[in-house]
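Below: the structure, in structure tokens.
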Amino acid sequence: MSTSRSPFDRNPLGGIGGFIVGLVVLYLLFKLAGFVFNIIWAVAPILFIASLIIDHKVFLGYVGSIKRLFQRNWLMGLAAGVLSLVLYPLVSVYLLGMALFKKKLKEKAEEVDVRRNGEWADFEEVPMDPMDLDIDYEELPPPPEPLPREEKRDTKYDDLFE
């Protein structure tokens, strides 16, 4: 005979133990995130300068997007600008990532261009001596005579030129 257990027969400390383990895991995740954020905060100026060196157009595009947002909705633009200043380390990581991505994209595009069109030469030396083609101009056929123009005086358009 099987006996069914009542939900009230469980140990109440089992649920508390899982709750405590969950809290400890969340605490450790927040500590890890804080540690990573402190490291990013310390190297943010270097990341920002590196992103400017790699591709300054990424920064100009970011500032332009905030400017356009400010023009459309000044409150959202102001919020985006303030958040960009407050979350400066994350913005610098984003700008560096975008600069590296665009640099890699340009390299791949150049690689495809070289594969498709071949290697471009920096310059080509052209000889200074004129080319000797050994053409006998007396043997060439004479140029064709132009066809005579037919005289049509049907339209008034031709009368404008007389």
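Which of Glu110, Glu139, Glu119 ends up with the largest GNM mean-square fluctuation for the chain, with Cα atoms connected below 10 Å?
Fluctuation is largest for Glu139.
Go ahead and run the numbers for FRET between Leu87 and Asp113, Cβ-Cβ distance against an R0 of 45 Å, rounding to 0.05. Working shown, then result.
On the way: r = 38 Å, r/R0 = 0.84.
Result of the calculation: an efficiency of 0.75.
Once Rh is set to the Kirkwood radius over Cα pairs, what Stokes-Einstein translational diffusion coefficient, in µm²/s, holds for the chain at a temperature of 4 °C and a viscosity of 1.567 mPa s? Please report the intermediate quantities before stating the final value.
Numbers: Rh = 25.9 Å.
Here the translational diffusion coefficient equals 50 µm²/s.
Could you give each residue of the stretch 56-73 its phi-based ³J(HN,Hα) in whole Hz, using Karplus coefficients 6.51, -1.76, 1.60 with θ = phi - 60°, and x for Gly or Pro?
With coefficients 6.51, -1.76 and 1.60, one gets 6, 5, 5, 5, 5, x, 5, 5, x, 5, 5, 5, 5, 5, 5, 6, 6, 9 Hz.
Just name one of Leu26, Ile16, Tyr157: the one whose Cα is farthest towards the positive end of the charge dipole of the chain (beta-carbon charges, Lys/Arg +1, Asp/Glu -1).
Ranked along the dipole, the leading option is Ile16.
How many lysine pairs are close in the chain, with Cα atoms under 30 Å apart and the two 8 or more places apart or on different chains?
Lysine pairs meeting both conditions in the chain amount to 10.
Given the options Tyr94, Tyr62, Tyr27, state which has the largest fluctuation in a GNM of the chain using a 10 Å cut-off (strictly under) for Cα springs.
Evaluated over the chain, the most mobile residue of the options is Tyr27.
Enter the angle in degrees (range 0 to 90, nearest 10) between the Cα long axis of helix 13-54 and the first principal axis of the Cα atoms of the chain, meaning the one along which they spread out most.
Here the helix axis deviates by roughly 30 degrees.
When the C-alpha atoms of the stretch 42-116 are aligned to their principal axes, what extent does each axis show, in angstrom, from largest down?
49, 33, 13
Take the chain, connect every pair of alpha-carbon atoms lying under 10 Å apart with a spring to form a Gaussian network, then pick out the residue of Pro144, Pro89, Pro127 with the largest mean-square fluctuation.
In this elastic network of the chain, the residue with the biggest mean-square fluctuation among Pro144, Pro89, Pro127 is Pro144.
As a footprinting exposure proxy, order Phe161, Phe35 by other Cβ within 10 Å, with the fewest listed first. Display every interim value, and only then the final one.
Numbers: Phe161 5, Phe35 10.
Placing the least packed residue first, the sequence is Phe161, Phe35.
Extending each Cα 7 Å along its Cβ direction at Val126 and Lys104, get the distance between those two points in nm, one decimal.
4.3
Return the calculated 222 nm mean residue ellipticity for the chain, to the nearest 500 deg cm²/dmol, obtained by summing -39500 (n - 2.57) across DSSP H runs with n ≥ 4 and dividing by the residue count. Walk me through the intermediate numbers first.
Values: 4 runs with 102 residues, N = 162.
Result for the chain, helices only: -22500 deg cm²/dmol.
Throughout, read-outs are computed from the coordinates displayed, never taken from laboratory work. Keep in mind it's a predicted model, so treat the numbers as computed, not measured. Here Cβ is always computed from backbone atoms with ideal geometry, including for glycine, and neighbour counts include all displayed protein chains.
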